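**Q** Pasting a structure below so you can have a look.
The values are calculated or read from the model by the stated rules, or taken from the named source; none is laboratory data. Everything numeric here is computed off the predicted structure, so don't read it as measured data. Glycine also receives a Cβ, built like all others from the backbone with ideal geometry; neighbour counts cover every protein chain displayed. The protein model used for the area step is the full one, side chains on, heavy atoms only, and it has no ligands, DNA or RNA in it. Shrake-Rupley method; radii C 1.70, N 1.55, O 1.52, S 1.80 Å.
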Amino acid sequence: MQIQVERETLLPALNQLVGVIERKQTLAVLANFLIRAEKDQLVLMATDMEIEMTARLSAEIKKTGVITVPARKLFDICRALPEGSMIRMELEDDRLLASCGRSRFTLSTLPPDEFPSQIQVEELQNWTLPDHDLKTLIERTSFAMAHQDVRYYLNGLLLEAGDGRLRSVATDGHRMVISDLPDARFAGDIRQVIVPRKAIIEIQRMLDGGDGEVELGLAKNHLHLVKNHIVFTSKLIDARYPDYEAVLPLGNDKLVQADRQVLHDALYRASILSNEKYRGVRMDLSPGTIRIIAHNPQHEEAVDEIEADHQLDKLSVGFNVVYLMDALHALDGDRVQIALRDANSSCLLTENGNEQTRHVIMPLKL
């Protein structure tokens, strides 16, 4: 195998693929990239048995072949080389020789037949949509996924396609976010898939929010995403997602409207003296104002007050301040609306006049 490839062609692909590689593996070969030199292109692959990513690159192939090499070492070498470099790779016995100018590197290899076979994807239902739209949809909800929850189906993101929209839903049991992307391309019956947390993180790295398009494919057990020369495949979480619509609060007729950034900043200031374990703040509502109060076990107190549009009086409700700030950060509008019922019920937080993204946050007893 003999390859010559430009650094600026190889490095972005390695940067994408290296995120799939786990630092601790059950199989030594999972720490490696599979490199295949074909007649007219260079193919790179990384997998952790659950997620697989493949890149097809333009390169000068002097001799075809296939081998696996340590992923992070090859990535670090390529990253450390000067811009505009031409990298040459050649297989000699069981070593890969990589060179650039006066720099020489000899890397160990493992046989390609030890590399896991490619994930076989059943029949897909495909849609093409803007990169920016998919990235925005995921970013609006992904922060609310659970992390290492025993309810493993919460450690992922629900994607729901159909009925003229693509919807993403995430919850950790204490808060929930629902965001919709209306798009006529997502017509027909609704289908749901639960995408694992790691896959969502890698998809976010893969999408740049630009003007290009991506191809999204959903199957019974897999998600498939194609962007330019990168192909991403992930197994799905085999479970039934909770009935999230049943969690949406009903009868929240007490409406509070406020400037999103002003409210966020006030919550941040109060959070400095909140309890480090529970992160609770109390919101006292009086006509035209929101008073935010935080305490901690050291008997310290923070009080902040902002203007708001409402006529509620003598209503106090507690929330985890991090959940509130996360929700406000994920929204885009200048003003937000908080819909409340009483001190013991969840609140519904949306952009003022736009319910495309809805945040449900459980109350906290203080």
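**Q** When C78 is evaluated against the numbered criteria (1) assigned to a strand (DSSP E or B); (2) farther than 20 Å from P116 by Cβ, which criterion, by number, is the only one it fails?
**A** For C78, the failing item is (1).
**Q** Could you count how many residues in segment 147-198 are aliphatic (A, V, I, L, M) and closer than 15 Å to I237 by Cα? It would help to see each step written out before you state the result.
**A** The first filter runs over segment 147-198 and keeps only residues aliphatic (A, V, I, L, M), leaving 150, 154, 157-159, 161, 166, 169-170, 176-178, 181, 184, 187, 190, 193-195.
Cutting the leftovers down to closer than 15 Å to I237 by Cα gives us 150, 154, 157-159, 169-170, 193-195.
Looking only at that region, the number is 10.
**Q** Which of the residues spanning segment 252-300 are under 19 Å from M362 (Cβ atoms), assigned to a loop (DSSP other than H, G, I, E, B) and open to solvent by less than 30 Å² (accessible area, probe 1.4 Å)?
**A** N252, S274
**Q** Could you check segment 95-150 for strands (runs of 3 or more DSSP E) lying wholly inside it with 3 or more residues that are under 30 Å from G173 (Cα atoms)? Outline the logic, then answer.
**A** Working: elements: 95-100, 103-108, 125-130.
Fully inside segment 95-150 and qualifying: nothing.
Here's the yes/no breakdown for (1) out of contact with any helix residue (DSSP H, G or I) (no Cβ under 9 Å at 6 or more places or on another chain); (2) at pLDDT 95 or above; (3) open to solvent by 30 Å² or more (accessible area, probe 1.4 Å):
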| position | (1), (2), (3) |
| --- | --- |
| F115 | no, yes, no |
| L124 | yes, no, yes |
| H132 | yes, yes, yes |
| T141 | no, yes, no |
| S168 | no, yes, no |
| D172 | no, yes, no |
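**Q** Considering only residues of segment 39-69 that are open to solvent by 20 Å² or more (accessible area, probe 1.4 Å) and among the aliphatic types (A, V, I, L, M), which is nearest to K24 (Cα to Cα)?
**A** First, pick out the residues of segment 39-69 that are open to solvent by 20 Å² or more (accessible area, probe 1.4 Å): 39-41, 48-50, 56, 58-66.
Subset that is among the aliphatic types (A, V, I, L, M): 49, 59, 61, 66.
On the way: M49: 13, A59: 31, I61: 33, V66: 24 Å.
Ranking the candidates gives M49 first.
**Q** If you check L44 against the conditions, is it in contact with a Pro (Cβ under 8 Å, 6 or more places away or on another chain) and under 21 Å from E8 (Cα atoms)?
**A** Details: in contact with a Pro (Cβ under 8 Å, 6 or more places away or on another chain): no; under 21 Å from E8 (Cα atoms): yes.
For L44, the condition - in contact with a Pro (Cβ under 8 Å, 6 or more places away or on another chain) and under 21 Å from E8 (Cα atoms) - is not met.
**Q** Is it the case that I292 is touching a residue at least 24 places away in the same chain (Cβ under 8 Å) and either under 20 Å from L273 (Cα atoms) or polar (S, T, N, Q) (or both)?
**A** On the way: touching a residue at least 24 places away in the same chain (Cβ under 8 Å): yes; either under 20 Å from L273 (Cα atoms) or polar (S, T, N, Q) (or both): yes.
Here the answer is yes, as I292 does meet what is asked.
**Q** Also, quick follow-up: Scan segment 208-216 and give yes if some residue there is under 18 Å from D131 (Cα atoms), touching a residue at least 60 places away in the same chain (Cβ under 8 Å), among the small types (G, A, S) and open to solvent by 30 Å² or more (accessible area, probe 1.4 Å), otherwise no. Break it down into steps so the answer makes sense when it comes.
**A** Looking only at segment 208-216, we keep the residues that are under 18 Å from D131 (Cα atoms), and these are 208-216.
Next cut, touching a residue at least 60 places away in the same chain (Cβ under 8 Å) only: 208-216.
Among the residues that remain, those that are also among the small types (G, A, S) are: 209-210, 212.
With open to solvent by 30 Å² or more (accessible area, probe 1.4 Å) added as a condition, the list becomes 212.
Yes, that holds for at least one residue.
**Q** Now for a different question. Which residue pairs have Cβ atoms closer than 6 Å, lie 6 or more positions apart in sequence or on different chains, and pair a first residue in segment 329-351 that is under 14 Å from G318 (Cβ atoms) with a second residue that is open to solvent by 30 Å² or more (accessible area, probe 1.4 Å) and hydrophobic (A, V, I, L, M, F, W, C)?
**A** S346/M362
**Q** Sticking with this one: Enumerate the strands (runs of 3 or more DSSP E) found wholly within segment 1-74, keeping only those where 1 or more residues are touching a helix residue (DSSP H, G or I) at 6+ places or on another chain (Cβ under 9 Å) and within 18 Å of R88 (Cα to Cα). If you could, list the steps in order and put the result at the bottom.
**A** Details: elements: 2-6, 32-37, 42-47, 51-57, 60-63, 65-70.
Per the criteria, 32-37, 42-47, 51-57, 65-70.
**Q** Can we say I230 is under 21 Å from D342 (Cα atoms) and open to solvent by less than 20 Å² (accessible area, probe 1.4 Å)? First the steps, then the outcome.
**A** Working: under 21 Å from D342 (Cα atoms): no; open to solvent by less than 20 Å² (accessible area, probe 1.4 Å): yes.
Criteria not met by I230.
**Q** Quick check on segment 176-189. Is at least one of its residues in contact with an Asp or Glu (Cβ under 6 Å, 6 or more places away or on another chain), open to solvent by 50 Å² or more (accessible area, probe 1.4 Å) and in contact (Cβ under 8 Å) with a residue 24 or more places away in the chain? If you could, list the steps in order and put the result at the bottom.
**A** At the first step, the residues of segment 176-189 found to be in contact with an Asp or Glu (Cβ under 6 Å, 6 or more places away or on another chain) are 181.
In the following step, the residues that additionally are open to solvent by 50 Å² or more (accessible area, probe 1.4 Å) were identified as none.
Checked segment 176-189: no residue is in contact with an Asp or Glu (Cβ under 6 Å, 6 or more places away or on another chain), open to solvent by 50 Å² or more (accessible area, probe 1.4 Å) and in contact (Cβ under 8 Å) with a residue 24 or more places away in the chain.
**Q** Against the condition in a strand (DSSP E or B), modelled with pLDDT of 95 or more and either basic (K, R) or over 21 Å from L207 (Cα atoms) (or both), how does M89 come out, does it pass? Break it down stepwise before answering.
**A** Working: in a strand (DSSP E or B): yes; modelled with pLDDT of 95 or more: yes; either basic (K, R) or over 21 Å from L207 (Cα atoms) (or both): yes.
Spelling it out, M89 is indeed in a strand (DSSP E or B), modelled with pLDDT of 95 or more and either basic (K, R) or over 21 Å from L207 (Cα atoms) (or both).
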